[in-house]
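**Student:** Handing you a structure now.
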Amino acid sequence: MNLKEYADVLTTQGKHVPFEFQNPELLGEGTDWQKEIFRTAPIQNHQVSVSGGNDKTKFYSSLSYFDQEGIVINSDFRRFSTRLNLDHQVNDWVKVGNNVSMSNSKEHITLNDDESGVISADLRQSPNIPVTYSDGSWGGPTDGIGVVVEILLHRRRSEIVN
């Protein structure tokens with residue numbers, strides 16, 4: 001919900017409504033917390049391979065790079081991998097071969113799949129709280145996961161500036 005919709009819900013519940021929410025028409029959009037933590041997550045996948053040989057020996061070699069940004073800021077996955085296959089026909093009844101594969105992966109995972117995760121904290125956050133106040137201090141959430149969200153958003157701002 002944006003800030004106006006949030007204020008409308010509060011005023012229709014019949015409970016005490018804080019002063020700042022008593023006239024929803026005067027409110028702006030507020031903070032879109034989902035927009036702050038989610039992003040478009042492109043994927044790159046590159047592969048090059050070479051194969052060849054003759055009637056007795058055949059080879060295949062490949063090198064690949066995979067890069068996937070996560071939809072939650074500061075989550076991603078990268079992998080480099082290589083492969084080499086070599087086959088040699090010694091005679092009519094003996095064939096010798098070797099297959100070697102290697103891979104190196106790096107993954108950044110953001111806590112987001114339980115009650116104390118970033119997404120859950122994001123969904124509970126009120127749209128009347130800014131990401132940062134005018135003095136640069138953190139706007140919210142103030143519970144333990146707020147520190148994680150603050151770190152993620154600070155890294156995102158650093159990436160944008162750089």
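The values are calculated or read from the model by the stated rules, or taken from the named source; none is laboratory data. What you see is a predicted model; the values in this text were computed from it and never measured. Neighbour counts run over all protein chains shown; Cβ positions are idealised from the backbone, glycine included. Accessible surface areas use protein heavy atoms only, side chains included; no ligands, DNA or RNA. Shrake-Rupley method; radii C 1.70, N 1.55, O 1.52, S 1.80 Å.
**Student:** Which distance in Å, rounded to a whole number, links the C-alpha centroids of region 78-92 and region 1-68?
**Tutor:** 39
**Student:** Through the Karplus equation 6.51 cos²θ - 1.76 cosθ + 1.60, θ set to phi - 60°, convert the phi angles of region 79-86 into ³J(HN,Hα) values in whole Hz; use x for Gly and Pro.
**Tutor:** Along region 79-86, the couplings run 9, 10, 8, 9, 8, 9, 10, 9 Hz.
**Student:** Let me know the Kirkwood hydrodynamic radius for region 1-55, please, with Cα pairs as the basis and the value in Å to one decimal.
**Tutor:** Details: mean 1/r = 0.0638 Å⁻¹.
Hydrodynamic radius (Kirkwood, Cα only) of region 1-55 equals 15.7 Å.
**Student:** Any idea what Rg and Dmax come out to for region 1-139 if you just take the C-alpha atoms, in Å?
**Tutor:** My reading of the Cα-based Rg and Dmax gives 27.9, 90 Å.
**Student:** Further, regarding this structure: Using DSSP to define loop residues, name the GluC sites (Glu not before Pro) in region 21-122 whose beta-carbon has at most 11 other beta-carbon atoms within 10 Å. Could the numbers behind the result be given before it?
**Tutor:** Values: sites: GLU25, GLU29, GLU36, GLU69, GLU107, GLU115; in loops: GLU29, GLU115.
Loop-located and lightly packed - GLU29, GLU115.
**Student:** Right, something else. Among 41-48, 77-84, how do they line up by average Cβ neighbours within 10 Å per residue, starting with the highest? Intermediate values should be presented prior to the final figure.
**Tutor:** Working: 41-48: 9.9, 77-84: 14.6.
Ranking, from highest mean packing down: 77-84, 41-48.
**Student:** In straight Cα distance, which lysines are under 24 Å from LYS95, not counting same-chain residues fewer than 8 positions off?
**Tutor:** LYS95 reaches LYS56, LYS58.
**Student:** Next up: At 1.4 Å probe radius, can you tell me the per residue accessible area of region 1-83 in Å²?
**Tutor:** Details: 5760 Å² over 83 residues.
Each residue of region 1-83 exposes 69 Å² on average to a 1.4 Å probe.
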